[in-house]
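The values are calculated or read from the model by the stated rules, or taken from the named source; none is laboratory data. Note that this is a predicted model, so its numbers are computed, not measured. When we count neighbours, we look across all protein chains shown, and the Cβ atoms used for this are built from the backbone with ideal geometry, even at glycine.
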Amino acid sequence: MSPPTEASVRDEVRAWLAQNWSPELGLAEWRRRLIESGWGCPSWPEQWFGRGLSPALAAVAEDEMRAVGAVSVAQFGVRLLVAATLLEHGTDDQKRRLLPRLLTGEDTWCQLFSEPGSGSDLAGVTTRATEDAEGWTVTGQKVWTTSAQHAHYGILLARTDWNVPKHRGLSFFVLPMHQDGVEVRPLRQMNGYASFNEVFISDARIGRDGLVGPLGEGWKVALTTLAHERRMADSMRNWGRLQLGEGRIYEELKAEYAAVMEPYKWYAQRAGRTDLLLERAQRTGRIDDAVVRQDVARALMIERAAEWTAARARAARASGQPPGAEGSLGKLAASNLARAAARAHASISGAAAMLAGEDGPEQGLIAEILVSVPACSIAGGTDEIQRNIIAERVLGLPREPSTDTDIPFRDVRRNVSSSR
């Protein structure tokens, strides 16, 4: 059989869509057809619900899907991060059992990484998983967990060995969220939303089939998740935008989107809303102010540079390269852009930018931007962490000095007490 080409992929996708796509299908039924055909995730391996296509040819297939308005597999939330991690590190049973329902949207997921006593120092987590004959008992606390309140599963980083250095004593698990040992409490943010949660885990259970990757090698698995998360940083400006058509499938998609994306609806504001800058400056007459013009121009220039950085990351994906330091470059660029956009919005509105609610500029949207933007420099790894990664992996500078990476974790001084 000859290798696929752009033309052959287009012809095959068009023929398959002609026979299978209808906006009157149910959402779950359509997504099951996508999964069975492999066209839902064409770059995935054939044995795992894909077609084994190169990223470039997979993009061709996706273009054909969009051309007819065909709905994709479920992609909202952390699903793509979970899928990428399971594809690389999961067992055959985990892929067979978890990936289909992830792609249909029947199961939702959350990410249980950060803790109150170990934010940027992710390897310092103290949530512990104790092994027994049937699996693991987990106790600890997680924080800043988006969508934990309705997640079926969480990807969990927990400590399984306190007698080795901190990076080597971690394991990566799939935690069933709907059990008595898991309590979720919402956190109210200063922008008025409650997207994040505290998760208290008290003697929760994970079966033998819940370990992802080898025991004690959870740090390696978590790095896969984080690398894909950073690669997604440039897409935040498009979050909250959904194109719909007429038909049953679009109505079901709209309902799913409203439920699943509710915690993320402020993410466009978190990214700075550069799309509003020029129009607002012109409409309000502030474009005539030289300082305002400079602030708006600076933000738009950073945006263009960030787009080029994102394009390099997409080119790396298209060539089949694994996620690398370009994700940190994109993440840091997104933070710089968000801050520049917030400054420009403040220049346009002046002191009125601080007014929230209907009385504020753009019915309070500008004030929401200003209090949301700081999150961009924290979520997914702080700016400081990204600078360290860039310095070490791109510029080849010496590693940051550390005093706690070569001693048993039980001897590391911590700002929280943990029994072990």
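Figures for the structure shown
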read-out	value
Cross-chain or 6+ apart pairs with Cβ under 9 Å, region 377-404 first and more than 26 Å from Ala338 (Cβ to Cβ), then acidic (Asp, Glu)	Pro398/Glu392; Arg399/Glu392; Asp404/Asp121; Asp404/Asp411
Answer from Leu80, Leu112, Leu98, Leu87 - the residue that is touching a Gly at 6+ places or on another chain (Cβ under 6 Å), touching a residue at least 40 places away in the same chain (Cβ under 8 Å) and not small (Gly, Ala, Ser)	Leu112
Some residue of region 334-341 being buried (at least 20 other Cβ atoms within 10 Å of the Cβ), in contact (Cβ under 8 Å) with a residue 60 or more places away in the chain and touching a Cys at 6+ places or on another chain (Cβ under 8 Å)	yes
Residue match in region 283-296 (condition: of a type in the set (A, V, I, L, M) and out of contact with any helix residue (DSSP H, G or I) (no Cβ under 9 Å at 6 or more places or on another chain))	yes
Lone unmet requirement of (1) at pLDDT 80 or above; (2) closer than 28 Å to Thr146 by Cα; (3) charged (D, E, K, R) for Arg414	(1)
Flag if Leu397 is modelled with pLDDT of 90 or more, hydrophobic (A, V, I, L, M, F, W, C) and assigned to a loop (DSSP other than H, G, I, E, B)	yes
Flag for Asp161 being more than 30 Å from Gly105 (Cβ to Cβ) and crowded, with 17+ Cβ neighbours inside 10 Å	yes
Single match in Ser372, Ser402 (criterion: in a helix (DSSP H, G or I) and of a type in the set (Gly, Ala, Ser))	Ser372
Residue match in region 55-71 (condition: over 28 Å from Met261 (Cβ atoms) and of a type in the set (Asp, Glu))	no
Filtered residue count, region 15-27, keeping only those that are surrounded by fewer than 16 Cβ atoms within 10 Å (Cβ to Cβ) and in a helix (DSSP H, G or I)	4
Complete set of residues in region 280-303 that are without any contact (Cβ under 8 Å) to a residue 40 or more places away in the chain and either among the hydroxyl-bearing types (Ser, Thr, Tyr) or farther than 17 Å from Arg343 by Cβ (or both)	Gln282, Arg283, Gly285, Asp288
Of all residues making up region 1-11, the number that are surrounded by 16 or more Cβ atoms within 10 Å (Cβ to Cβ) and free of Cβ contacts under 8 Å to residues at least 24 places away in the same chain	0
Residue, farthest from the chain's Cα centre (by Cα), within region 198-242, restricted to residues that are among the aromatic types (Phe, Trp, Tyr) and at pLDDT 95 or above	Phe200
Lone unmet requirement of (1) under 28 Å from the mean Cα position of the chain (by Cα); (2) modelled with pLDDT of 95 or more; (3) hydrophobic (A, V, I, L, M, F, W, C) for Ala315	(2)
Region 194-215 residues that are in a loop (DSSP other than H, G, I, E, B), paired with ones that are of a type in the set (Lys, Arg) (beta carbon under 8 Å, 6 or more apart)	Ala194/Arg188; Gly213/Lys220
Residue that is surrounded by the most Cβ atoms within 10 Å (Cβ to Cβ), among those in region 75-133 that are under 15 Å from the mean Cα position of the chain (by Cα) and part of a strand (DSSP E or B)	Leu112
Residues located in region 52-66, provided they are without any contact (Cβ under 8 Å) to a residue 40 or more places away in the chain and either in contact with a Ser or Thr (Cβ under 7 Å, 6 or more places away or on another chain) or over 14 Å from Leu17 (Cβ atoms) (or both)	Gly52, Ala58
